[in-house]
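First up is the structure itself, then whatever we jot down about it.
No lab work stands behind these numbers, since they all come straight from the coordinates. Small disclaimer: the values here were computed from a predicted structure and weren't measured. Cβ sites come from the backbone with ideal geometry, for glycine too, and all protein chains shown count toward neighbours.
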Amino acid sequence: MTSERPLTKDMKPGGEALSLREYERVGGYHSVHKALRMDPKNVTDLVTKSGLRGRGGAGFPTGSKWSFVPIGPDAPRPKYLIANADEMEPGTFKDRYLLEGNPHQLLEGMMIGARAIEAEVAYVFLRAEYVLAGKRVAQAIAEAYSAGYLGHRIFGSELNLELYLHVSAGRYMCGEETGLLNALEGKRANPRTKPPYPQVSGLFGKPTIVQNVETLANLPHILNNGADWFKSLSRTADAGTKLYGASGKVKRPGLWELPMGTTMRELLEEHSGGMQDGLKFRGVLPGGASTDFLTEQHLDVKMDFTETQKAGSRLGTGTMIVLDDQTCPVGMVWNLEDFFAQESCGWCTPCWSGLRWAERILGAFERGEGNETDLEKLTWITSFCAPGHTFCALAPGAAEPLQSALKYFREDFLRHIHEKRCPWR
Amino acid sequence: MAIIYIDDKPHQADAKQNLLHACLSLGFNLPYFCWHPALGSVGACRQCAVKQFRTPDDKHGHLVMACMIPAVEGTRISIHDPEAVAFRAGIIEGMMQNHPHDCPVCDEGGECHLQDMTVMTGHNYRRYDFPKRTFRNQYLGPFVNHEMNRCIQCYRCVRFYREYAGGNDFNVFGIRNTAYFGRYQDGVLESEFAGNLDEVCPTGVFTDATHKHHYTRKWDLQFAPSVCVHCGLGCNISPGERYGTLRRIVNRYHGDINGYFLCDRGRHGSEFVNSDQRIRQARLRRNGQLQAVSKAEALEHIRQVLTSSSRVIGIGSPRASLEANFALRAAVGERNFFAGIFQRELRLLNRVLDVLRNGLAPAASLREMENSDAVLVLGEDVTNYAPRMALSLRQSVRQGPMAMADKLKIPHWLDHSVRELAQDSKGPLFIASIAATRLDDVASETYHAAPDELARLGFAVAHKLDDNAPAVSGLTLEQTALAERIAQALRSARQPLIVSGLSCHSTAVISAAANIAQALRRTGQPSRVTFTVPECNSVGLALLGGRPLEDAFAAVRNRAADTVIVLENDLYRRASVQDVDALLLGAKHVIVLDHLTNATSTKAELVLPAATFAESDGTLVNNEARAQRFFQTFVPQPDVQESWRWLRDAIIASGRQDFAAWENLDHVIASMAVEVPALAAASKAAPDATFRMSGAKVPRQPERYSGRTAMLANIDLSEPKPPDDPDSPLSFSMEGSPDQPPSPLIPFAWSPGWNSYQAWNKFQEEIAGPLRGGNPGVPLVEAAAQPQQEYVRDVPAPFQPGDGEWLIVPFYHIFGSEELSIHSHGVKQLSPGAYLAMNDKDAERARLRPEDRIEFTIAAISYQAALKVRADLPQGIAAIPAGIEPLQGIQLPDWSRIVRVA
Amino acid sequence: MLTPEERQEIEAELPRYPQKQAVCIDAMKIVQRHRGWVSDESIRDIAELLGMSADDLDGVATFYNLIHRKPVGRHVILLCNSVSCWIMGYERLHQRLCKRLGVQFGETTSDERFTLLPIVCLGTCDHAPALMIGNDLHVDVTPDSMDQVLENYR
Ligand SMILES: Cc1cc2nc3c(=O)[nH]c(=O)nc-3n(C[C@H](O)[C@H](O)[C@H](O)COP(=O)(O)O)c2cc1C
Ligand code: SF4
Ligand code: FES
């Protein structure tokens, strides 16, 4: 088992960004030269072989996604590559780290992706609140342009790549890949109908790939070190390392790059230092706000896409939110549902109606006004918002913490009913 | 066709369609909101969920939205699956969270799609017990009322208004469960089709603001199948009446013409029926004053006049029915029948008929226009002249981009997918018109020039297509290049279309359009043509024949005639004051039949109260030469009767007893068929009065019609017998056959479980397809099997701007230019005042400034108006609004000097 | 009317996108940077510059929470109310802020110094609770340390 940390090892302890020169000194942009010498299809094949799965939450195999993009002289142009730096899932703070600490690594990854799908234009789609990240990415882009790594004939090759930073104006929906496309086109960020898939017709009707920041940051390393190396980084069948994080009342909340498949127990007990003194662990959202709660019994689950799913949740973004025994689970779910209800784009009925309803009921519970039929209503809402019932994945994501809370914390709901108040207040 | 399985039973479905479409076509009741037969699928409301099974062995299945799934071979779904049923009820429950449940005071109540769907899904009891969100409503203009609290966020309104109708002054604002549908700021909705929001919105957010002034529930309205009288397209309508007043107009689905939508003139232009200007009793001039007289007195007077006159002439009308015009002709004799329009217009109409008869290219219905993939509009401002056509042409530009969808195998009904694929790309639509039009935003190219130049461009296109077509000399480079691009687009289209018409009053323009059709045909490319015509029965009148209006003037001037009967025609709108005065004062006797007091009727010796379209039956012939029957919606006050009945009575009074045989409309139609073979087919426009379904008539009133026994209780406690209707197979009652009538006889759309307009689903052979048994109407013009091959060769010379003179042309306005609709409050509000528009450079050179009061002179009469300056108007051309007071009765185009009034 | 500066900045964005409308969010943010918020008049002006209708643009503006369609104070406080901050004591922070400033969420202090708004997760959950004032991120905030922080914004 290795403990390599390709994504973060070069970052400065103080958290400043690596300049272009510093980045090159640690081998930066080497992979682009390599990729430019390769046939685009071979780049895609290599990424497919590496087993890289998207780090934005859904875990879709990256190479396989690229393979749907039309390639060659007859393909529609320009094609687009977009780095999804919208990171707005509550509890998630991993992409910020990569953006602020090593923006060139992202740009390099984007260049690889652009090479593979023959994209001429790339955007970093950044949430507005990431002011520092925005500054650093802009700086890195400027450096890359002046070095001739972007623009016309990049690295002296025949290829052109324009890369722009787009700073958004809020809304969780902008992170959903088709909502993102609308946002980038200056429209309301409603999700789009599929088909057509963005790979075929995306931004401005042209083939487009949207990829999470962390996914992209992995690419230079895969190019440099090969598919087998990438697989070897992991403890499980899902390849690579993962940026794991923990927030909540643990001793040392933080973010760590660890082998994919690190167990929750390790994350909690070793890396986070366990619960704060006097508090007990009650549960965890393993991968951000839109994943199902896991509890004590799941602590030994290997946190990768497959195993977390088997345990009844999702790896999501790999950043966990820890619930302790002094925090009200009902209140926590209320907070989550309020977020989702507020961020619903308003397009499909289960989402805009169901989530606000759930939020109101949970609010009633917290005020001590909940009753048993309210529990039935909440259960109904979770099935109402199930995958396939809604237009996009926002509402099903919202249903996950709620349905699992109803399963694991039923007692707590009942206490709210019987005591006619929140026992933690 | 494909076999699909619905709850384990095999059914035939159209594989090119979606499952919702298939289920509805098969007669299943599957609820929906965001889907609309004309707007396609977007999957927003999630109401149409069904269970889909992957294989016959799949017992678990998963929910899908029927509107988003193609009905391909072997698809297995269940509508009755409990999970699907519960989910659908849940959708209603979600929508109802904020809905105010104000049905008793809501104008949509009783015809609300939301009510229907609520009942259909079985959602009864409210489980949501928190406060509802509330909104402030907006003023949206005279036609559309706004009540946002009722919104269920189905997004139909924005999709119709913005994506389908091309309006951009309306939108959705905000997000989540508080999305707001309206305008950025209060104000009149700019789209000429805004009124459709009333029917497009499944609940009471957008309702008919004019109906509000005298509101009646759908179930209490008496309806008839009818045809819009406000332009030449012949859109089908359902007028509704209560207590003797016309309450409103709604769309009556016609698969070839209006489909699901009307224009706002058609929907809101019929208030004239209730106007206080209505002539409701006969009036006879005594001691210089028109005084009300009884029917008998009126007829006695007619007898005296007709028996004492040396020669009686009749002036017909393009807004009166075929039967009324024919009756007039019968009363005065063919030789003495005048068409009521000038030679110029008759000639244009006959030119149009020639083209249609020749069979160069079949006339395109509006539906066919939507499917055209390359369009040339030559000379027309469609939105203002034949409004509903603009909506169809707007859809035509989507045909080109559909090829992209086909390439990716994306079905056409997957609306947003197709729109996103297409982005801004649009199929070719060339608009060559005198000035900017409201369709220019979707045009691939526009060209603004004088009518002669438009004709020359058309001739040039024909020549580009076929060398044998006459060449045009002296074209500019720009014109040549444009003609080439147009020719190229038409040549490479699957279904090219040429739109032309009467609005620029140029035979050359129509001939140019015909040459293009000819050239396409000769080069092996089948095309279609459509001509716009000015009035609801212009084509019928032209088919009936009759001499031009100027001959009538001459007949009186020369004392060749001493008595004039004017049928539903305000001559002062057509001819100059001098000419009409000379006619009306020169004749010994003038008898006028009309609905409203107007300049002509005030000069008459005898005025007869003629029933409007809402109070009479008859046949109108639209721009495609399609004869359509309209039926009486309600029985007017006793002295008001159909013009043909007045004329029949007059004939009998004059001693020709044989006309007593004209007892009902069918008798008139039958003798018309004998006398005018060109109109013989009109008898087939609808079943005759003897038609019965299961031995019964078709009821005009819904089964829930209420209060009948009490309606007249202030006058007579016993309920009067419903009036007879000798003229049609419809009854003035709720009693009658419960069966679905043949399409020309459908008074309104209603079906069990479907109280809203969405009930049209139940009347169609296939969703959005033809009505069962075919769409209403019969063609009166048969295209020749062997078209004659000649090109028109008289190409006009280039337009020469005058020296200190302008060619003055009329500009039509959807709101204001039409005679009857201007009596509607909202139409009047939106109509422009009198103006004269001129090119900005011309104005500068003439030292005229915007809003200057100017004067121009036509036929020795001077007119004044405020000056408007428009850069889109060609130099040398000036425009005045058509039909708007006081700029009426001016024969245009004509030349005049334009001077500032001191 | 847009100032020449605003107009210039907006036009500088145009080459980055193949369509004018795509610039509209950037454009509103540019105006907002200069004026603090986007007024009805600015909506009209920006729309005109980009070939949109005011209705087109306002439909977009009202979708995004960081476009302010109402005037704001000199400093906008974005207080994270998402789950990790909630666990770590957001509510106490919220109460203290409201009390100190005398405003609720969505309101501006009477001296127009601060506008208090809630914001979704700021992506700094390992240092919750967090808030932003203008462009500055403040992490690991306690009710007491917050008083100190506010002092720096006049
Ligand atoms: C409501 C919603 C919000 C999302 N937000 C983000 C986000 O902020 N960042 C991200 O990378 N992916 C986000 N996603 C996932 C994206 O849709 C998409 O799957 C991802 O960007 C693809 O990149 P990947 O394959 O590299 O993970 C979101 C999805 C949903 C449904
Ligand atoms: S206003 Fe009517 S049409 Fe528009 S979303 Fe609401 S319910 Fe649907
Ligand atoms: S009708 Fe199918 S989702 Fe709305």
Taking R0 as 51 Å, what's the FRET efficiency between A:Arg367 and C:Glu151 from their Cβ-Cβ distance, rounded to 0.05? 0.90
May I ask what percent, to the nearest 5, of DSSP beta bridges between residues of the protein assembly as shown are antiparallel? 50
Please report, in debye to the nearest 20, how large the charge dipole of segment B:474-604 is about its Cα centre when each Lys and Arg carries +1 at its beta carbon and each Asp and Glu carries -1 there. 560
Using the Cα atoms of chain A, I'd like the radius of gyration and the largest Cα-Cα distance, Dmax, both in angstrom. 21.8, 72
DSSP loop (so not H, G, I, E, B), at most 15 other Cβ within 10 Å: list which trypsin sites (Lys or Arg not before Pro) in segment B:1-52 pass both filters. B:Lys16
Provide the per-residue ³J(HN,Hα) series for segment B:893-902, in order, calculated from phi with Karplus coefficients 6.51, -1.76, 1.60 and θ = phi - 60°, each as a whole number of Hz, with x at glycine and proline positions. x, 7, 9, 7, 7, 10, 10, 6, 8, 4
Mean separation of Cα contacts under 8 Å (6+ apart) over length of chain A, as relative contact order %: 16
Per DSSP helix of 4 or more residues, -39500 (n - 2.57); summed, then divided by the residues of chain B. What does that give at 222 nm, rounded to the nearest 500? -7000 deg cm²/dmol
Rounded, prolate or oblate, given the Cα gyration tensor of segment A:20-232, with a/c below 1.5 counting as rounded? rounded
If you place +1 on the Cβ of every Lys and Arg, -1 on the Cβ of every Asp and Glu, and leave all else neutral, what size is the dipole of the protein assembly as shown about its Cα centre, to the nearest 20 Debye? 360
Dipole axis of chain B (+1 Lys, Arg; -1 Asp, Glu on Cβ), positive-most option in B:Ala13, B:Ala670, B:Pro787: B:Ala13
Order by neighbour count: B:Arg438, B:Arg286, C:Arg92, B:Arg388, fewest other Cβ atoms within 10 Å first, most last. B:Arg286, C:Arg92, B:Arg438, B:Arg388
Quick one: B:Asp894, B:Asp852, B:Asp381, fewest Cβ neighbours within 10 Å first, how do they rank? B:Asp894, B:Asp852, B:Asp381
Which residues qualify? For B:Phe342, with a placed amide H closer than 5 Å and at least 5 residues away or on another chain, they are B:Leu549
Please report the net charge: other residues with Cβ closer than 13 Å to the Cβ of A:Ala35, K and R +1, D and E -1. 0
For chain B: relative contact order, % (alpha-carbon pairs under 8 angstrom, 6 or more apart): 14
Helical mean residue ellipticity (222 nm; -39500 (n - 2.57) per DSSP H run of 4+; nearest 500) of chain C: -12500 deg cm²/dmol
Looking only at chain A, where both bridge partners belong to it, what percent of the DSSP beta bridges are antiparallel (to the nearest 5)? 40
Which GluC sites (Glu not before Pro) in segment A:366-425 pass both tests, a DSSP loop state and at most 16 other beta-carbon atoms within 10 Å? A:Glu369
For chain A, what does the helix formula give at 222 nm: sum of -39500 (n - 2.57) over DSSP H segments with n ≥ 4, over the residue count, nearest 500 deg cm²/dmol? -11500 deg cm²/dmol
DSSP bridge pairs, segment B:794-902: antiparallel proportion in percent, nearest 5: 60
Calculated FRET value between B:Asp58 and B:Ala15, using beta carbons and R₀ = 22 Å, to 0.05: 0.60
How far is it, in nm, from the label point at A:Ala58 to the one at A:Arg153 when both lie 7 Å from their Cα along the line to the Cβ? 3.9
Using the Cα centre as the reference, give the magnitude of the dipole from point charges on the C-beta atoms of segment B:449-491 (Lys, Arg: +1; Asp, Glu: -1; all else neutral), rounded to the nearest 20 debye. 120
The relative contact order of segment C:51-123, taking Cα pairs under 8 Å that sit 6 or more residues apart, comes to a percentage of 38
Karplus-derived 3J(HN,Hα), 6.51/-1.76/1.60, for each residue of segment A:335-341, Hz, glycine and proline x: 4, 5, 5, 4, 4, 5, 4
Can you work out the Karplus-derived ³J(HN,Hα) for every residue in segment B:71-83? Use 6.51 cos²θ - 1.76 cosθ + 1.60 with θ = phi - 60°, whole Hz, and x for glycine or proline. 8, 7, 3, x, 4, 10, 9, 10, 8, 8, 3, x, 5
Assertion target for A:Lys41, A:Lys302, ordered by fewest C-beta neighbours within 10 angstrom first, is A:Lys41, A:Lys302
Please list, by residue number, every one of the chymotrypsin sites (Phe, Trp or Tyr not before Pro) in segment B:742-842 that is coil in DSSP and has at most 15 other beta-carbon atoms within 10 Å. none
Of the residues B:Leu477, B:Ser78, B:Val869, the Cα lying farthest along the dipole of chain B towards its positive end, which is defined by charges on the beta carbon of Lys, Arg, Asp and Glu, belongs to B:Ser78
From the cross-link list A:Lys34/A:Lys187; A:Lys206/C:Lys29; A:Lys407/B:Lys132; B:Lys603/B:Lys697, the entries with a Cα-Cα span beyond 32 Å are A:Lys34/A:Lys187; B:Lys603/B:Lys697
Extension gain from B:Tyr215 to B:Glu719, taking 0.36 nm per residue of separation minus the Cα-Cα distance: 179.1 nm
Compute the FRET efficiency between A:Glu296 and B:Thr134 as 1/(1 + (r/R0)^6), taking r as their Cβ-Cβ distance and R0 = 51 Å, and round to the nearest 0.05. 0.65
Of A:Lys310/B:Lys59; A:Lys9/A:Lys249; A:Lys94/A:Lys231; A:Lys249/A:Lys420; B:Lys9/B:Lys762; A:Lys9/A:Lys65, which sit over 25 Å apart, Cα to Cα? A:Lys9/A:Lys249; A:Lys249/A:Lys420; A:Lys9/A:Lys65
Local charge sum around C:Pro18 (other residues, Cβ-Cβ under 13 Å, Lys/Arg +1, Asp/Glu -1)? 0
Here the residues of segment A:64-86 lying in the modelled label zone of A:Lys41, meaning backbone nitrogen under 16 Å from a point 7 Å along Cα-to-Cβ, are A:64, A:66-75
Amide H contacts of A:Val121 (H built 1.01 Å from N, under 5 Å, at least 5 apart or other chain): A:Lys79, A:Leu81, A:Glu162
Scan around B:Arg870 for amide H atoms under 5 Å from its own, H built in the peptide plane at 1.01 Å from N, and keep only partners 5 or more places away or cross-chain. B:Met838, B:Asn839, B:Asp840
Considering only the other residues whose Cβ falls under 11 Å of the Cβ of A:Asp95, what net charge follows from Lys and Arg at +1 and Asp and Glu at -1? -1
